[in-house]
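Novice: Submitted below is the structure of interest, expressed as structure tokens.
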Amino acid sequence: MYDHPDIRALVELALQEDIGTGDVTSARCIDADRVAEGRFYARENCVLAGIELLPLIYGSRGSVGELELLHRTGDSV
């Protein structure tokens with residue numbers, strides 16, 4: 001479902017709008033070969049939506065070494 005060309009096109013449009021050609025400050029201050037690690041935390045109780053899009057989002061801007069999804073869309077977190 002998340003491999004549909006229309007979904008890929010919408011994700012690419014959203015990333016292009018938000019990121020554009022990239023962050024100039026980060027490009028100058030952070031070595032290109034650095035590997036980042038991160039986690040998402042909910043500040044308040046919520047119902048998760050769209051988490052299955054994360055591999056598509058991160059994959060479209062480079063590789064993702066490891067992406068572990070602990071919850072699914074519809075889960076209360």
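The values are calculated or read from the model by the stated rules, or taken from the named source; none is laboratory data. Keep in mind the model is a prediction, meaning the values are calculated, not measured. Neighbour counts are summed over all protein chains in view; Cβ atoms, including those assigned to glycine, are modelled from backbone coordinates with ideal geometry. Side chains are part of the model used for accessible areas, which takes the heavy atoms of the whole protein and leaves out ligands, DNA and RNA. Shrake-Rupley method; radii C 1.70, N 1.55, O 1.52, S 1.80 Å.
Novice: Do any residues in the range 60-77 that are more than 21 Å from residue 36 (Cα to Cα) have Cβ atoms under 6 Å from those of residues that are open to solvent by 70 Å² or more (accessible area, probe 1.4 Å), where the two are at least six apart or on different chains, and which pairs are they?
Specialist: Close Cβ pairs satisfying both conditions: 73/49; 76/47; 77/71.
Novice: Can we say residue 48 is open to solvent by less than 100 Å² (accessible area, probe 1.4 Å), touching a His at 6+ places or on another chain (Cβ under 7 Å) and not β-branched (Val, Ile, Thr)?
Specialist: Spelling it out, residue 48 is indeed open to solvent by less than 100 Å² (accessible area, probe 1.4 Å), touching a His at 6+ places or on another chain (Cβ under 7 Å) and not β-branched (Val, Ile, Thr).
Conditions (1) at pLDDT 90 or above; (2) of a type in the set (A, V, I, L, M, F, W, C); (3) in a helix (DSSP H, G or I); (4) touching a Gly at 6+ places or on another chain (Cβ under 7 Å), marked per residue:
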position	(1), (2), (3), (4)
40	no, yes, no, no
56	no, yes, yes, no
67	no, yes, no, no
71	yes, no, no, no
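Novice: For residue 39, are the conditions met, namely being within 12 Å of the chain's Cα centre (by Cα) and open to solvent by 70 Å² or more (accessible area, probe 1.4 Å)?
Specialist: Yes; evaluated as a whole, the condition is true for this residue.
Novice: Can you give me the number of residues within the range 16-36 that are surrounded by 10 or more Cβ atoms within 10 Å (Cβ to Cβ) and either in a loop (DSSP other than H, G, I, E, B) or among the basic types (Lys, Arg) (or both)?
Specialist: 2
Novice: Which of (1) free of Cβ contacts under 8 Å to residues at least 12 places away in the same chain; (2) part of a loop (DSSP other than H, G, I, E, B) does residue 49 not meet, given it meets every other one?
Specialist: With respect to (1) free of Cβ contacts under 8 Å to residues at least 12 places away in the same chain; (2) part of a loop (DSSP other than H, G, I, E, B), residue 49 is out only on (1).
Novice: Among the numbered conditions (1) open to solvent by 70 Å² or more (accessible area, probe 1.4 Å); (2) touching a helix residue (DSSP H, G or I) at 6+ places or on another chain (Cβ under 8 Å), tell me where residue 53 comes up short.
Specialist: (1)
Novice: What number of residues within the range 1-15 are surrounded by fewer than 11 Cβ atoms within 10 Å (Cβ to Cβ) and at pLDDT 85 or above?
Specialist: 5
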